[in-house]
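Readers should treat all values here as calculations from the given coordinates under stated rules, not as data from a laboratory. All of these numbers come straight from a predicted model, not from anything done at the bench. All Cβ positions, glycine included, derive from the backbone under ideal geometry; neighbour counts span all protein chains shown.
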Amino acid sequence: MTKRMIMLVAIILGAAAGTALADEVDDLILDLKYGQADLRAKAAHSLGGTGGQKAVDPLIVALEDDVRQVRSAAAASLGRIRDPRAFEPLVKALRESDIKEEAARSLGEIGDLRALGPLADALKDGDPRVRGAAAEALGDIGDPKAFPHLVEAVKDEEPSVRLKAARSLGAIGDPGAMEPLAYLATRDGDAGVRAAAVGALGDISYPAAIDPLIRALWDGDPTVRRAASLALVRIGDPRAAGPLAEARQYEAAIALDPNSSSAWVGKGLSLYEGGRYEEAIAAYDVAIALNPGEAQAWNNRGVALRDLGRYEEAVGSYDRAIALEPDYSHAWYNKGIALDEMGGYEEAVRAYDAAIALEPDDANAWNNRGVALYHLGRYKEAVQAYDEAIGLDPDYARAWNNRGVSLYYLGNYQEAILAYEKAIALLPDYAHAWSNKGLALAALGDYEEAVLAYDEVVRIRPEEGEAWKSRGLALQALGRVSEAEASFERGRRLGALPTAGGEEA
C-alpha cells in the first residue's frame, strides 16, 4: 500500500469516527429532550464530555428540567464545556434555583470575571455547601478582586467553607492573605482548615509565611505537620532546615539544606527506630562526612552497629564519640553494653564506671554494671550495684531479678527469693523471675513451691522447654513420676532434653 493510499484511508477513518461521534451527540441530545428522567440525567452528564458547543443550548434548556438530577447534571456539564453562552443561565441558577452549588462550581470552571459579583453574593447563602462552592469557584477564577470576599469567608462558622476559602486565597496568591492564613494555620479549631491554610501559605511562598509554618510543624495533627513541612520545602528558605529537623521532619530539612549534619543524624535516628539499621548507618556516615566532629552521629552509629551484632565496630564508633566529648555519658554507657556482648566484662565495668561518674543517678548504668560484675563472678559487688539501681528506681523489676540471681550464687536463697518476689510483684508475668524463684525454691528443697513457680513460667511461656524440664525435675523429687515424665516429654518436644534413647542430663 502506497503512502498516499495510507493517508487516504486515515482520512476516511477519521471522517467516519467524526460522523459516529456527531451521531452519538445527536442521540444524547434527543435523550436529553425526550427521554425518561434517568435517561435525561445520564445524557446531560455525558454531553459534558462529548457534546461540545453543539450541546450548550440543549443543556441550558435542561437547567429548567422538572427533575433536579437532570438540572444538576446539566449545570455541571456546562462548566466542563466552558462556553460563555452558559454564563447568564448559570448566574440565574445560582441566584434562583436549587442547583446553586453546581452552578457556582461551573461558573468557576468557565472563569468569566463577570461571575465575581454573583459568587461573592453566594458566599452569604444560607447553605454552607453553596458558600463552599462559591469560595472554591472564586479561587478557580483567580482574580485578586475576590480577595476581600474570601477574607470574609475565612470567618465562616462552617469549617468546609473556611477550608475552601483558604485554598482559594492561596490560589490567588495575594500577599495580603498572609495574616488571615497565618491565623487559620495556627489558631483554627479544625485540623482540615489548618492544613489547608498551611498549604495556601506555601502556595503564596512569601518569606513572612515561614514563622507561622514553623509553628505549624508542632501542630497536634500529623496532617498539618506534614503540610507545613511540604510548604516550607516549596518556599525553599534554608533557615527552615533547623526547625524542620527539630520537628523530626528530616527529609524536608535535608531537601532544604543537604549539608545539615544534624538533619542527617535525625534521619539516621528515624531509620534506626524503623529497624532499618544499615540505612541508618549510611545516614550517620553522611552526617560524619559533613561534620566529623558530630559526636552524636558517632554514638548513634555505634548503636545501629551493635544491633547488627557488629560489636567491635560499635566500640570503635563509641570511642570516636568519647574522644570528641569525653563527658558523653551515653557513649560510655553504650560502649559498656557492646563490651558486655563481646564478653569483655572488665572493660565493660570500666565503661559503666565512667558513665556513672558522669551521671550517678543513671539506674540503668548501675544495673548493667551489676550484670558485668556477675559475669566476672564478683557477686557481692554485683549485689551492691543492683542496690544502687534499686535505690534510684525502686520499681526497677529487672534490677530486683538480677539482685536475686547474684544472691542465689552467693548461696543466699531466701534473700534471692524475696528479690524475685519483688520483681514479680512489679511485673506479674515476668517469666525469668518466676523461673529463678523456682530454682531457688528447689535449692532449698521446697519442691512443691518450685512446681508452682514453674507452672507460672509455662503459663506465661508455654514454649519454654527448659521450664518444662525444671518442672519435671521438681516433680521427680516429689515422687510424682508420671507427672514428671509428662513434663520431661513436653521439654523434649521443645528441644530442652534429649529425645528417647539419648543421654539425659
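Evaluated with a Cβ-only charge set (Lys, Arg +1; Asp, Glu -1), the chain carries a dipole of roughly 1420 debye about its Cα centre, given to the nearest 20. With N as its number of residues, the chain has a Cα radius of gyration that, divided by 2.2 N^0.38 Å, comes to 1.60. Helix-only mean residue ellipticity at 222 nm, the chain, DSSP H runs n ≥ 4 weighted -39,500 (n - 2.57), per residue, nearest 500. What is it? Calculated mean residue ellipticity at 222 nm is -23500 deg cm²/dmol. Going from the residue with the fewest nearby Cβ atoms within 10 Å to the one with the most, E456, E278 rank E278, E456.
Derived scalar couplings between HN and Hα for the range 144-151 equal x, 5, 6, 3, x, 5, 5, 4 Hz in order, rounded to whole Hz, by the Karplus curve 6.51 cos²θ - 1.76 cosθ + 1.60 (θ = phi - 60°), x for Gly and Pro. Multiplying the residue separation of E359 and D455 by 0.36 nm and removing their Cα-Cα distance gives an extension gain of 30.5 nm. Calculated on C-alpha atoms, the gyration radius of the range 127-170 divided by its Kirkwood radius gives an Rg/Rh of 0.91. In straight-distance terms, cross-link reach from K54 covers every one of the lysines whose alpha-carbon lies under 16 Å from its own, apart from those fewer than eight places away in the same chain; here that gives K33.
Using the average count of surrounding beta-carbon atoms within 10 Å as a protection proxy, the listed peptides 401-410, 355-364, 153-162 rank, highest first, as 401-410, 153-162, 355-364.
Taking all Cα pairs closer than 8 Å and separated by 6 or more residues, the relative contact order of the range 419-476 comes to 29 percent. So which lysines can K155 reach, going by Cα to Cα under 19 Å and dropping same-chain residues fewer than 8 places off? By straight Cα distance, K155 reaches K124, K145, K164.
Of all aspartates and glutamates in the structure, the ones whose alpha carbon falls short of 20 Å from that of K469, not counting any fewer than 8 places away in one chain, are D429, D446, E448, E449, D455, E456, E483, E485, E489, E503, E504. Hey, what D do you get for the range 260-324 in µm²/s if you plug the Kirkwood alpha-carbon radius into Stokes-Einstein at 37 °C and 0.692 mPa s? Reported coefficient: 298 µm²/s. Each semi-axis of the equivalent ellipsoid for the range 173-249 is √(5λ) with λ an eigenvalue of the Cα gyration tensor; in descending order they amount to 16, 15, 9 Å. Taking all Cα pairs closer than 8 Å and separated by 6 or more residues, the relative contact order of the chain comes to 4 percent. The share of C-alpha pairs in the range 373-505 whose separation exceeds 22 Å stands at 40 percent. By the count of neighbouring beta-carbon atoms within 10 Å, fewest first, S487, S205, S168 end up ordered S205, S487, S168.
Electrostatic tally near I356: other residues with Cβ closer than 10 Å to its Cβ, Lys and Arg +1, Asp and Glu -1, net -4. V265 sits among other residues whose Cβ lies under 10 Å from its own Cβ, and their net charge, with Lys and Arg +1 and Asp and Glu -1, is +1.
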